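Enquirer: My questions all concern the structure below.
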Amino acid sequence: MDSQKKFVIILVRQPQLGQTLQRAQFEAFRQRIATTLQVMWLESAEITTYVAAKLKVAGVTEPLFSPEIIETIAASAGTSIQKINRLLTQCLIRSKEKTND
């Protein structure tokens, strides 16, 4: 493997990936990892800021979600970024479906 062309791969690490890579069968792969970063959970107070930043990147200039909805999302998702993103997507899809009816 070392004599072949080199390449870079980026793995976004969640705790489950770290646990998987600790298995003996991944020893050679693990030795080739130069740097590791783990996806961190958001604190409850950061969720509103996170949602606003995601919407801003998408070009949204006005708040789409009330504080109550953000609280509901936070309560359902905990502080998992992946779960927060999934719930936001579901909210947007359902909202669009309702406006089409």
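Enquirer: Modelled with pLDDT of 85 or more, among the acidic types (Asp, Glu) and surrounded by 11 or more Cβ atoms within 10 Å (Cβ to Cβ): does that describe Glu62?
Expert: Working: modelled with pLDDT of 85 or more: yes; among the acidic types (Asp, Glu): yes; surrounded by 11 or more Cβ atoms within 10 Å (Cβ to Cβ): no.
No.
Enquirer: Also: Within the stretch 11-34, work out how many residues are in a loop (DSSP other than H, G, I, E, B) and either modelled with pLDDT of 75 or more or in the same structural domain as Ile81 (by TED's automatic domain parsing) (or both).
Expert: Residues that pass the stated criteria total 5.
The values are calculated or read from the model by the stated rules, or taken from the named source; none is laboratory data. Quantities reported herein were computed from a predicted structural model and do not represent experimental measurements. Positions of Cβ are generated from backbone atoms using ideal geometry, with glycine treated the same way; all protein chains shown enter the neighbour counts.
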